[in-house]
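Contents: one structure, followed by commentary.
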């Protein structure tokens with residue numbers, strides 16, 4: 001495992017890049033200027049970049065959000081979100097589990113995630129008792145997103161009605177504007193503990209990488225994945241045979257950072273070993 005200070009050496013070795021968004025390109029509120037510069041350098045070098053994000057919103061909604069942050073469409077080759085993958089699966093059932101969901105959906109999540117359901121032949125209902133299944137996009141707007149206990153009652157109600165759950169974001173937690181909050185994946189784990197039946201779409205599910213590689217149009221050995229989460233970004237990429245670069249100043253940053261702001265590479269190697277993954281390199285940040 002190499003410990004690099006910048007991305008330029010890796011850019012020379014690969015022709016395509018699968019880039020995580022949250023924690024690598026932005027923090028959910030603001031773009032990282034160093035990441036925008038790195039995207040600019042990759043574009044100038046003629047490299048192909050696919051943004052792959054466990055965000056439970058369609059591709060277009062995320063593009064719009066990034067434009068507001070100053071991340072223009074021309075800075076990357078393509079994008080795929082877990083929300084887009086959910087929309088596609090609800091439109092064209094990939095297997096019998098999806099085909100038997102029904103048409104009445106209870107949405108557990110914030111209003112900003114509702115576009116994932118727009119235009120689909122589904123009826124959004126107000127309570128689990130009325131629903132055939134539940135779409136979980138994360139903590140809603142009515143409860144503390146940092147407190148799992150606040151979601152216990154609604155998850156138990158869904159379980160009582162034996163609702164299948166679609167998890168549209170397998171991440172367990174994320175840092176939004178400097179605050180650590182729960183994601184849909186954490187709610188899904190708790191729902192499974194309550195006996196619930198869950199399907200997740202997004203990293204590290206191997207199925208999410210097939211359309212990514214198709215869009216890049218490159219053989220796997222020419223592609224490098226970049227992300228900040230060992231559990232999703234790094235494990236997911238390695239699981240489908242891609243090399244991976246771990247950005248340390250993300251979800252694991254607090255555990256790896258020294259008092260002077262540098263990163264402890266010994267701790268990083270121990271964390272990767274404990275997670276059962278072997279990224280080819282680490283970076284402090286997605287900086288050129």
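No value in this document is a laboratory result; all are computed from the given coordinates. Everything quoted here is computed from the prediction, not taken from an experiment. Using ideal geometry, Cβ is built from the backbone for each residue, glycine included, and neighbour counts are taken over all protein chains shown.
At a glance:
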{"item": "Order of 96, 154, 166, 234 - criterion: other Cβ atoms within 10 Å of each residue's Cβ, fewest first", "result": "96, 154, 166, 234"}
{"item": "Value at 222 nm in deg cm²/dmol, rounded to 500, when DSSP H runs of n ≥ 4 in the chain each add -39,500 (n - 2.57)", "result": "-8500 deg cm²/dmol"}
{"item": "Model label zone, residue 92; criterion: amide N under 13 Å from point 7 Å along Cα-to-beta-carbon; scope segment 198-228", "result": "211"}
{"item": "With eigenvalues of the C-alpha gyration tensor scaled by 5 and rooted, segment 1-106, Å", "result": "31, 16, 12"}
{"item": "Inter-probe distance in nm under a simple model that places probes 7 Å from Cα toward Cβ, at residue 189 and residue 153", "result": "2.5 nm"}
{"item": "Folded to 0 to 90 degrees: helix 59-69 orientation relative to the chain principal axis, Cα", "result": "50 degrees"}
{"item": "Cα-projected label distance for residue 43 with residue 288, points at 7 Å along beta-carbon direction, nm", "result": "1.2 nm"}
{"item": "Spherically averaged projected area of segment 93-200 from its Cα convex hull (nm²)", "result": "6.6 nm²"}
{"item": "Cα centroid separation - segment 185-209 against segment 92-119, whole Å", "result": "14 Å"}
{"item": "Difference of contour (0.36 nm per residue) and Cα-Cα distance, residue 179 to residue 114", "result": "21.1 nm"}
{"item": "Theoretical FRET efficiency, 1/(1+(r/R0)^6), r = Cβ-Cβ of residue 13 and residue 254, R0 41 Å, to 0.05", "result": "0.85"}
{"item": "Alpha-carbon radius of gyration plus Dmax, which is the widest Cα pair, for segment 128-254 in Å", "result": "16.5, 49"}
{"item": "Cα pair distances exceeding 33 angstrom across the chain, given as percent", "result": "22 percent"}
